[in-house]
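The values are calculated or read from the model by the stated rules, or taken from the named source; none is laboratory data. Since the structure is predicted, the reported quantities are computational estimates derived from the model, not experimental observations. Heads up, the Cβs are rebuilt from the backbone with ideal geometry, glycines too, and the neighbour counts pull from every protein chain shown. In case anyone asks, the SASA skips ligands and DNA or RNA and just uses the protein heavy atoms, side chains included. Shrake-Rupley method; radii C 1.70, N 1.55, O 1.52, S 1.80 Å.
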Amino acid sequence: MRLLSLLIFSLFWGHSLSAQLDIENCQFLPDLKSCTTLVFMPAYDTAQNHSYRQIIEQEWRLTPLKFVSYQEYLQYKNKKGYAYLLFGDDKISNASQRSSYVYLELWLWANAQKKRLARMELYPDAQTSQDPSLIYDYRFNTEGHIFNWSEGMLKNYLQQMQDYLERGQKRSGFRPGPAKAELKQLKTDTLFIPDYVLKEFNTYLEAKGTQSAQELMANYPYPYKIISNKALSKKILACPKGKKIYYLLFVRSNSDKYVSVIEGQSGDILYSRLRPLQFNLRPKDLQRLANKVAKF
């Protein structure tokens, strides 16, 4: 699917911003609501019984949906009346810069231009970091190549995109905003931590092993539990109305990292911090979180 990668990259050349969740062009919400949103997937994942399709159908409320394969992209490219929800990838490699990004984004065609409304940064493994266009070769579940990706996480991403757009609230990962008072619940409630946060990478985006959970959490005095992505996803999706579930979301985007706390029932971002030019989660990140919790 290298052609699709080149087509999408050409739309946004010069606009590659690394933000865990970036919301912009909220003024085009009325245009969006008049569209049908095209969700691009591998052809075999567009089936009605596919779990990711079911999550999107359950959570998406802004527009009608149509699920289409990557091979159909050119049929719909740059057409009015459609919005586009799909993976994106950027790679820049030259004498002065080497960068690689994979993300989920929402855009539409308005005023003879492509208007990005939302971009959610994804955390690729070493193989996909080296060649981000591989995202189109994977099944929609990404086959484990994207760490911050599951049915439960996708539910929260869709909630976040829609909530910010409906409020007309721009958001930049560079200015994530203050922590929310609900963070105080972590003094007594368990913070679930997906085990991929233990993975470590070097400055060349190459895997270099895993770190000790005990060392990572040494400065975090509140309840926590490290679990698999699959187990966390099940907890998010099974959380009954009126209940809460809190988890740590860690994203390494090119040479920056984002540390967030998400409430999994609503998708609410309670805490988010950018640490530029860093690649791995460290005890200091958990200590900063604990200090913030203690202030409430």
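Of the residues that sit in the stretch 24-45 and are within 21 Å of Asp163 (Cα to Cα) and among the charged types (D, E, K, R), which one is surrounded by the fewest Cβ atoms within 10 Å (Cβ to Cβ)? Among those residues, the one meeting the criterion is Lys33.
Looking only at residues of the stretch 219-251 that are closer than 17 Å to Glu59 by Cβ and open to solvent by 90 Å² or more (accessible area, probe 1.4 Å), we find that the one that is modelled with the lowest pLDDT is Lys241.
Being open to solvent by 10 Å² or more (accessible area, probe 1.4 Å), in contact with a helix residue (DSSP H, G or I) (Cβ under 9 Å, 6 or more places away or on another chain) and modelled with pLDDT under 95 is a property that does not hold for Gln159.
Listed by first and then second residue, the pairs linking a residue in the stretch 224-252 that is within 20 Å of Leu289 (Cβ to Cβ) to a residue that is among the basic types (Lys, Arg) and part of a helix (DSSP H, G or I), with Cβ atoms under 6 Å apart and 6 or more places separating them unless they lie on different chains, are Ile245/Lys235. Glu105 meets all of the listed conditions (1) without any contact (Cβ under 8 Å) to a residue 40 or more places away in the chain; (2) in a loop (DSSP other than H, G, I, E, B) but one, namely (2).
Annotation: Leu289 fulfils all but one of (1) within 22 Å of Gly152 (Cβ to Cβ); (2) without any contact (Cβ under 8 Å) to a residue 24 or more places away in the chain; (3) touching a strand residue (DSSP E or B) at 6+ places or on another chain (Cβ under 8 Å); the unmet one is (2). Those residues that are surrounded by fewer than 18 Cβ atoms within 10 Å (Cβ to Cβ), touching a strand residue (DSSP E or B) at 6+ places or on another chain (Cβ under 6 Å) and closer than 22 Å to Phe201 by Cα, I need them from the stretch 91-146; list them, please. Once the filter is applied, which keeps residues that are surrounded by fewer than 18 Cβ atoms within 10 Å (Cβ to Cβ), touching a strand residue (DSSP E or B) at 6+ places or on another chain (Cβ under 6 Å) and closer than 22 Å to Phe201 by Cα, the stretch 91-146 yields Ile92, Ser99, Ala126.
Among the residues of the stretch 162-182, those identified as at pLDDT 95 or above and open to solvent by less than 30 Å² (accessible area, probe 1.4 Å) are Gln162, Tyr164, Leu165. For the stretch 67-81, a residue qualifies if it is surrounded by 13 or more Cβ atoms within 10 Å (Cβ to Cβ) and either within 22 Å of the chain's Cα centre (by Cα) or assigned to a helix (DSSP H, G or I) (or both), and the qualifying residues are Phe67, Val68, Ser69, Tyr70, Gln71, Glu72, Tyr73, Tyr76.
Residue by residue, here is whether (1) more than 13 Å from Val261 (Cβ to Cβ); (2) of a type in the set (Gly, Ala, Ser); (3) surrounded by 12 or more Cβ atoms within 10 Å (Cβ to Cβ) holds:
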site: Lys184; (1), (2), (3): no, no, yes
site: Thr188; (1), (2), (3): yes, no, no
site: Leu191; (1), (2), (3): no, no, yes
site: Tyr196; (1), (2), (3): yes, no, yes
site: Lys199; (1), (2), (3): yes, no, yes
site: Tyr204; (1), (2), (3): yes, no, no
site: Lys208; (1), (2), (3): yes, no, yes
site: Ala213; (1), (2), (3): yes, yes, yes
site: Met217; (1), (2), (3): yes, no, yes
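In the set (1) under 28 Å from Lys208 (Cα atoms); (2) free of Cβ contacts under 8 Å to residues at least 60 places away in the same chain, the condition left unmet by Tyr220 is number (2). Got at least one residue in the stretch 46-58 being open to solvent by 20 Å² or more (accessible area, probe 1.4 Å), under 24 Å from Gly152 (Cβ atoms), in contact (Cβ under 8 Å) with a residue 12 or more places away in the chain and assigned to a loop (DSSP other than H, G, I, E, B)? So far as the stretch 46-58 goes, yes, one or more of its residues are open to solvent by 20 Å² or more (accessible area, probe 1.4 Å), under 24 Å from Gly152 (Cβ atoms), in contact (Cβ under 8 Å) with a residue 12 or more places away in the chain and assigned to a loop (DSSP other than H, G, I, E, B).
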